[in-house]
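The values are calculated or read from the model by the stated rules, or taken from the named source; none is laboratory data. The model shown is predicted, which means the values in this text are computed figures rather than measured ones. Cβ placement follows ideal geometry from the backbone for every residue including glycine, while neighbour counts extend to all protein chains displayed. Please note that ligands, DNA and RNA were not included when accessible areas were found on the heavy atoms of the full protein model with its side chains. Shrake-Rupley method; radii C 1.70, N 1.55, O 1.52, S 1.80 Å.
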Amino acid sequence: MQVIIAESGERVGQLAAAKVAQLVRRQPDAVIGLATGSSPLAIYADLARQVRAGDLDCSAVRAFALDEYVGLPVDHPESYHSVLRREVVDPLQMDPGRLHVPDGMADDLAAACAAYERRIVETGPVALQILGVGANGHIGFNEPTSSFASRTRIKTLAPQTRADNARFFASPEEVPAHCLTQGLATILDAAQLVLVAQGTTKANAVAALVEGPVTSMCPGSALQLHADATVIVDEEAAGRLRLADYYRYTYANLPVWQRFEGA
Ligand code: F6R
């Protein structure tokens, strides 16, 4: 696992965006896995800046969302379908027809999950999966004790996750209790994982996923099982990393084969 400690949240976004942009320049129709929430916003903002400047063309990129709420109509402003249209697809001038999101309104949710897995396999594999992490260590909406073998399925959001996401809704009761999420095994199938985190509220989760035991109690620790995982955090989110000086040293001395544009 590569751990990069950046001087600011904005820089976290720039570094992660550099990895995405490098991939898209190499493979314009690359399949990218998209996270929602606050953490990746700086990535999407930097990619949008590159698109506006004419330095990047995302029109052929194909994308899969990590997760979706159950019971929110697609056109609800907080459905992840709407959020990804607003924050990623439109600003990056992507083709909306190439965005795939689990169907949280399906009559048969289990069948919708299975169909989503099939679509990822048929379209994919995902070349680069963008991830955030919850304060309790979740990735996607794989809450603590999620199986490392899990695939896209229905999950109940932890009370803390519902409370954390209440900021996007008019009242906490409006946050759906259930979601469809890619499983940990689905996420681990991506060729490359890039997880970003900012702020002190993420410091414990970042330390647990990078340096703690591989355990379903911290779903993010699944990244330790992946051969190409990069964790990019700001100083606050890095605050509880025991080997922070080592990560700074290794980044300052990056070997040529680990360098990427913008690093
Ligand atoms: C959402 C997702 C979640 C978030 C996590 C952190 O698609 O994958 O795992 O990344 O809940 O959310 P923020 O970034 O809002 O702190």
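So if I place +1 on the C-beta of Lys and Arg and -1 on the C-beta of Asp and Glu, and nothing else carries charge, what would the dipole magnitude of the stretch 216-263 be about its Cα centre? I want it in debye, nearest 20.
180
Between ARG52 and ASP228, what is the spin-label point distance in nm, taking each point 7 Å from the Cα along the Cα→C-beta axis?
So the label points at ARG52 and ASP228 sit 3.1 nm apart.
Quick one: with all protein chains in place, what share of the accessible area of the stretch 89-222 is carbon or sulfur, to the nearest percent (1.4 Å probe)?
C and S fraction of accessible area: 56 percent.
Rounded to the nearest 5, what % of the DSSP beta bridges within the stretch 152-263 are antiparallel ones?
In the stretch 152-263, DSSP labels about 45 percent of beta bridges as antiparallel.
So which helices of the chain fit the span-like rule, where a helix is a whole DSSP H run, its Cα atoms reach 18 Å or more along the axis, and its mean Kyte-Doolittle is at least -0.5?
9-26, 109-123
Once you have all Cα-Cα distances for the chain, histogram them in 10 Å bins from zero and send the whole-percent values.
For the chain, the binned pair fractions read 7, 32, 39, 19, 2, 0 percent.
Counting other Cβ atoms within 10 Å, which chymotrypsin sites (Phe, Trp or Tyr not before Pro) in the stretch 153-255 have at most 16 and lie in a DSSP loop?
PHE169
Using the heavy atoms of the protein chains and a 1.4 angstrom probe, tell me the accessible area per residue for the chain in square angstrom.
Each residue of the chain exposes 43 Å² on average to a 1.4 Å probe.
What fraction of the DSSP beta bridges in the chain is antiparallel, stated in percent and rounded to the nearest 5?
30
Report the chymotrypsin sites (Phe, Trp or Tyr not before Pro) located in the stretch 70-154 that are in a DSSP loop and have at most 11 other Cβ atoms inside 10 Å of their Cβ, or state none.
Sparse-neighbourhood loop chymotrypsin sites (Phe, Trp or Tyr not before Pro): none present.
Can you give the Rg and Dmax of the stretch 122-250 based on its C-alpha atoms, in angstrom?
14.8, 46
What percent do you get for the relative contact order of the stretch 173-240 when only Cα pairs under 8 Å and 6+ apart count?
RCO, the stretch 173-240: 41 percent.
State the three equivalent ellipsoid semi-axes of the stretch 35-123, derived from the C-alpha gyration tensor as the square roots of 5 times its eigenvalues, in descending order and whole Å.
25, 15, 10
Report the gain in length on full extension from ASN253 to ALA177: 0.36 nm times residue separation, minus Cα-Cα distance, nm rounded to one decimal.
22.8 nm
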